[in-house]
1. Could you tell me which residue of the stretch 56-92 is nearest to the chain's Cα centre (by Cα), considering only residues that are under 10 Å from LEU7 (Cα atoms) and assigned to a strand (DSSP E or B)?
2. For the list (1) modelled with pLDDT of 90 or more; (2) open to solvent by 10 Å² or more (accessible area, probe 1.4 Å); (3) among the hydrophobic types (A, V, I, L, M, F, W, C); (4) assigned to a helix (DSSP H, G or I), I need the number of the one condition that VAL29 fails.
Amino acid sequence: MIAAVVLAAGASSRYGTAPPKQVEFLPAVLAALRESSVDEIVVVSGAHALPVESVRCADWERGPGASLRCGLAALPPGAEAAVVVLADGPDLDSRTVDRVVDDWRTNGGDAVAASYGGVRLHPVLLSRGLWDDVPDEGAKSLPARLVPCDDLTPPGDVDVAIPAGS
């Protein structure tokens, strides 16, 4: 079983508008995950209430790693690996998720990440054996095998609201 963990716990303080970016972009991220091969989806909340069922991470202020650990802890015992995505990545492509999962199923390893133009981005797949090693700064500090996804659109990472009419 492959699960997905959607990180949506941050304060979104740089975004600057209401609703928080997690609320605005989460539906697109969830739609992409539902089109992918993942078997289960867990959303991690923290600073804001979300309009979907979620696991609340009381320690979200410690960093994305704390939120990720909350999400991983909520996964069923049968989960072999977790695909980690950000709630503020509205252009997530289900084909990217599937490519990362397929690479892991074929080649194994502790961590596999999508890359675009050689730059590591999301999604990142973490095998169960790595879950206890997630530091507070999150999975980005863990070494990962890169899977080229240059032919697909990067998921984005929205930190600033674009004013209407721009």
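The values are calculated or read from the model by the stated rules, or taken from the named source; none is laboratory data. Keep in mind that this is a model prediction, so the values were computed, not measured. The accessibility values were calculated without ligands, DNA or RNA, using every heavy atom of the protein model including side chains. Shrake-Rupley method; radii C 1.70, N 1.55, O 1.52, S 1.80 Å.
1. Restricting to residues being under 10 Å from LEU7 (Cα atoms) and assigned to a strand (DSSP E or B), the top hit is VAL85.
2. In the conditions (1) modelled with pLDDT of 90 or more; (2) open to solvent by 10 Å² or more (accessible area, probe 1.4 Å); (3) among the hydrophobic types (A, V, I, L, M, F, W, C); (4) assigned to a helix (DSSP H, G or I), VAL29 misses (2) alone.
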